[in-house]
Amino acid sequence: MKKIILAGLLTTSAVMADVKTVTPYVGAINYDSSSAKSIKDTAKFAGLYTSVGNLNYLFEFAYGYTKINYKDGTITDLKQHDITFKYGKFYKNYAWNAGLHYVNNNEKGAIKDLGDGYIAIAGVEGYKWFGYNKLTYGVDAYYSYYTDAFTETSLVATTNVGVLQISPKITYSKAININTRNTISLIANFINANDYKDSSYSSFEISDTLGYKKFYATLKYNGGEMRSGVKDGGFTVYNTKDLLKSAYTAKLGYYFTPKLEADVSYTRNNYQEYDAANLVLLPEGTSSIAVISMSYSY
C-alpha cells in the first residue's frame, strides 16, 4: 500500500498539496504444531501506519503491537512494541530516505533472544519513465543494534549484537492498457552478523503485482536464507535468531474509491526457529500469517 501511495505522489505533477494516509491492520500467526519444531504456539498483532507527503517529501510513522503465546504455559507471553519513523526526499530523477525502527519487548530469562533493539534505515533510489512505464532501482541499508542480547554460545551474560544488511532492488511497472498495470519487483538481501557463528546470509524476494481497474493481486516468493533481517523498507524487523528459508505470499486488494482501499494477505513460511533456552536451531518447520488492512488517503 505504501508503494502504491508513493507512486501516486510521484506521478501526480499537477497537485502539490500534502496527501495524508492512515492504514490500520490486524493479523494472526500460527506456528508449527510440532513442539519439536516450534516452542511458540500462536501470535496476534495489530498496528497503524500513517504518512504525510507530496511530490517533494514523504514522512512515515508506524506503530505495531505483537503478543506471542508459547506451547509451554509456564512461559510468560511475549509482548512487543515496534515504532518506526522514516523521512524521504524526492528529486527529479532520484530520492533518498532515512529513518529509525525501535523494538521493545519483555523477553527475559531462558527465552531471551535479541531483546530490545534500534534499527537505522537509509536508502537511495533512481527512477526513469518510458512513456507510461516506470523503472525504479536503488539500494537500502539497515544496521540493527541490540543492546542486551544473548549470544549463540552462552546464557550467562548479555552483550551488544550488531547486524548489517544491504538490499539492492529493482522494480519495473508496465501499463498494459488503460485499465491494467503489471509491476515486477526484485530485492536481494545480504546480511553480515559478526556476532553469530555463521556470519553471512543471503536471500532474495521477487513479487508480481497485477492491477485491473479497482482490483489488484500480488504474488511474492522469498528464497535463500535470512537471519535477524529487515523487510518492507524498514517497517518489518525480525529481531530473533530464527533462520528464514522460504516464503510464499498472496495478497488481494480492492479500491472502493480512489482514496479508500482494503486488502487481505496470506503468507506461508518455511524456517528454523531458534531455541534461545538451548542455544540451537530447531528442525525446519512452517508458520502461516494472515493480515487484513484498510487504507484511507485524504
Exercise. Give 118, 137 a once-over and let me know the one that is surrounded by fewer than 17 Cβ atoms within 10 Å (Cβ to Cβ), modelled with pLDDT of 95 or more and over 18 Å from residue 169 (Cα atoms).
Key: 118
Practice problem: Filter region 146-159 down to the residues that are surrounded by fewer than 14 Cβ atoms within 10 Å (Cβ to Cβ) and not polar (S, T, N, Q), then identify the one that is farthest from residue 232 (Cα to Cα). | Solution: 156
Practice problem: Within region 106-126, identify whether any single residue is small (Gly, Ala, Ser), touching a strand residue (DSSP E or B) at 6+ places or on another chain (Cβ under 8 Å) and more than 23 Å from residue 201 (Cα to Cα), and answer yes or no. | Solution: yes
Quiz item: Take the residues of region 119-130 that are farther than 23 Å from residue 237 by Cβ and without any contact (Cβ under 8 Å) to a residue 40 or more places away in the chain: which is nearest to the chain's Cα centre (by Cα)?
Solution: 126
Exercise. Test residue 295 against the stated conditions and say whether it is over 23 Å from residue 112 (Cβ atoms), open to solvent by 20 Å² or more (accessible area, probe 1.4 Å) and at pLDDT 95 or above.
Key: no
Quiz item: Within region 150-177, how many residues are without any contact (Cβ under 8 Å) to a residue 40 or more places away in the chain and not polar (S, T, N, Q)?
Solution: 9
Quiz prompt | Single residue of region 45-86 satisfying the filter (farther than 30 Å from residue 107 by Cα and assigned to a strand (DSSP E or B)) that is most open to solvent (accessible area, probe 1.4 Å) | solution = 59
Quiz item: Restricting the search to region 100-118, which residues are free of Cβ contacts under 8 Å to residues at least 40 places away in the same chain and over 30 Å from residue 74 (Cα atoms)?
Solution: 100
Quiz item: Is there a residue in region 237-256 that is within 16 Å of the chain's Cα centre (by Cα), acidic (Asp, Glu) and closer than 27 Å to residue 48 by Cα?
Solution: yes
Quiz prompt | Residue, nearest to residue 91 (Cα to Cα), within region 33-72, restricted to residues that are touching an Asp or Glu at 6+ places or on another chain (Cβ under 9 Å) and of a type in the set (Lys, Arg) | solution = 67
Exercise. Being under 29 Å from residue 71 (Cα atoms) and of a type in the set (Lys, Arg) narrows it down to one of 112, 128, so name that one.
Key: 112
Quiz prompt | Count - residues of region 24-75 that are closer than 23 Å to residue 239 by Cβ and in contact with a strand residue (DSSP E or B) (Cβ under 8 Å, 6 or more places away or on another chain) | solution = 35
Practice problem: Output the residue which, of all residues in region 8-44 that are among the β-branched types (Val, Ile, Thr) and part of a loop (DSSP other than H, G, I, E, B), is modelled with the lowest pLDDT. | Solution: 12
Practice problem: Might you let me know whether region 100-119 holds any residue that is more than 19 Å from residue 158 (Cβ to Cβ) and in contact with a Lys or Arg (Cβ under 7 Å, 6 or more places away or on another chain)? | Solution: no
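The values are calculated or read from the model by the stated rules, or taken from the named source; none is laboratory data. None of the values given here were measured: they were computed from a predicted structure. Because the Cβ atoms are built from the backbone with ideal geometry, glycine has one as well, and the counts that use them run over all protein chains shown. The accessibility values were calculated without ligands, DNA or RNA, using every heavy atom of the protein model including side chains. Shrake-Rupley method; radii C 1.70, N 1.55, O 1.52, S 1.80 Å.
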